[in-house]
Amino acid sequence: MKAMILAAGLGTRMGALTRTLPKPLLAVNGRPLIVHLVEALAAAGLRELVVNLAYRGEQIEAALGDGTALGVRIDYSREPDGPLGTGGGVLRALPLLGPAPFVLVNADVHSGYPFGALPRRPAGLAHLVLVDNPDHNPGGDFALADDARVANPRVTNEEAGRLTFAGISVIDPALLAGHAGPDSFSLTPLLRAAADRGLVSGEHYPGPWLDVGTPQRLAAAQQPPC
């Protein structure tokens with residue numbers, strides 16, 4: 001099973017910290033965010049990776065190389081005209097990812113999530129990891145429809161009981177069927193449409209998780225247990 005890391009964002013909310021450095025290379029406990037993520041994926045047996053690049057992507061490529069030093073193999077999907085969004089970035093990378101479902105994770109996710117627990121194939125078109133709503137997203141993103149005791153319950157767009165999308169998922173390439181690109185677009189509308197059709201499963205992960213999107217959250221990531 002392959003995994004893709006979304007690392008093409010501009011990181012504008014980081015202010016001066018990303019003026020000369022891409023956000024995935026910001027250090028957490030002495031090592032770049034993206035290195036923590038690559039190591040966690042490798043530990044779960046996900047050793048064939050695709051990383052998309054745009055803003056200062058050459059620095060990320062120089063830091064990771066072909067992945068050998070981290071026990072993985074990395075292919076790069078370059079977006080020379082600027083970031084294509086989550087949907088456009090995945091669409092561009094599909095030739096590298098192949099036809100099978102793949103793990104998709106945001107480069108600024110710092111968590112204790114066990115990637116080996118992800119299903120090899122989603123029940124429908126996607127499987128989403130959801131977390132408790134952080135202060136910066138109190139309204140959440142998606143809800144889980146079924147009893148919490150049900151394995152991989154359905155994800156819905158209902159407002160009641162919404163949780164926050166963790167930026168960790170399994171995606172079937174069929175989710176993007178019919179999109180020719182190359183315009184920038186988000187995966188979120190596709191996930192919402194698939195959820196309305198009952199084609200998205202999910203899980204609630206209650207453990208340590210941070211979306212390292214601001215200097216304050218970067219500071220918080222320096223603390224255990226993440």
Which one of Asp108, Asp211, Asp183 has the biggest mean-square fluctuation once the chain is modelled by GNM with Cα springs under 10 Å? Asp183
Taking a spot 7 Å from the Cα of His136 along the direction of its beta carbon, which residues of the stretch 77-113 have an amide N less than 15 Å from it? 106-111
Using a 1.4 Å probe, what is the accessible area per residue for the chain, in Å²? 45
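Roughly how many percent of the accessible protein surface of the chain is carbon and sulfur, given a 1.4 Å probe and a whole-percent answer? Please list the in-between numbers first.
Details: 5400 of 10190 Å².
Reported share for carbon and sulfur atoms: 53 percent.
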Taking the Cβ of Asn106 as the center, what net charge do the other residues with Cβ under 14 Å away carry, scoring Lys and Arg +1 and Asp and Glu -1? 0
The stretch 9-79 versus the stretch 145-215: alpha-carbon centroid distance in Å: 23
Normalised by the residues of the chain, what does the relative contact order come to in percent, with Cα pairs under 8 Å and at least six apart? 24
If you add up the charges near Glu159, with Lys and Arg at +1 and Asp and Glu at -1, over every other residue whose beta carbon is less than 15 angstrom from its beta carbon, what do you get? -1
Grab the eigenvalues of the alpha-carbon gyration tensor for the stretch 118-226, scale each by 5, take roots, and send me the semi-axes largest first in whole angstrom. 24, 18, 13
Of the residues His36, Leu91, Met4, the Cα lying farthest along the dipole of the chain towards its positive end, which is defined by charges on the beta carbon of Lys, Arg, Asp and Glu, belongs to His36
Dipole of the chain, positive direction: furthest Cα of Thr214, Leu163, Pro189, with charges on the beta-carbon: Thr214
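For the peptides 88-98, 50-60, what is the packing order when you average, over each peptide's residues, the other Cβ atoms within 10 Å and list the highest mean first? Write down the numbers at each step before the final one.
Values: 88-98: 19.5, 50-60: 21.1.
Descending packing order for the listed peptides: 50-60, 88-98.
If one computes P(r) from the Cα atoms of the chain, what percent of pairs lie at distances over 32 Å? Don't skip to the answer; put the middle values down first.
Working: 3168 of 25425 pairs.
Distances greater than 32 Å cover 12 percent of the Cα pairs.
The values are calculated or read from the model by the stated rules, or taken from the named source; none is laboratory data. Given the structure is predicted, the values throughout are model-derived calculations rather than measurements. All Cβ positions, glycine included, derive from the backbone under ideal geometry; neighbour counts span all protein chains shown. All accessible areas refer to the heavy atoms of the entire protein, side chains included, with ligands and DNA or RNA removed. Shrake-Rupley method; radii C 1.70, N 1.55, O 1.52, S 1.80 Å.
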